[in-house]
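Nothing in this text is a laboratory measurement; each read-out follows from the coordinates by a stated rule. A quick note: this is a predicted structure, and the numbers were derived from the prediction, not measured. Don't worry about glycine lacking a Cβ; one is built from the backbone with ideal geometry, like all the others, and counts go over all protein chains shown.
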Amino acid sequence: MDKFDLIEAIIKRVDALADARGAQKCAIVIEIIQQLGALRKGLADDDAAHNKQIMDLQQQLDALK
């Protein structure tokens, strides 16, 4: 599941939360928290990969000078 699919899933769970009651509401909240944690990790991994690409490209440019 990519980050956009995960965002869509979270939106659907938040929508379901409006009608949920009792234990179901608690389960949905826990699921949303887990999904947000996964999204945060995925975005952090993406940022780290992009930063590494930038550093690698900068090193290639510096080597050409």
> What do you reckon, is Ala44 aliphatic (A, V, I, L, M), in contact with a helix residue (DSSP H, G or I) (Cβ under 7 Å, 6 or more places away or on another chain) and surrounded by 10 or more Cβ atoms within 10 Å (Cβ to Cβ)?
Replying inline: no
> Of these, Leu36, Leu57, Leu61, which one is touching a residue at least 12 places away in the same chain (Cβ under 8 Å) and part of a helix (DSSP H, G or I)?
Replying inline: Leu36
>> Exactly one of these conditions fails for Ala20: (1) in a helix (DSSP H, G or I); (2) surrounded by 10 or more Cβ atoms within 10 Å (Cβ to Cβ). Give me its number.
In response: (1)
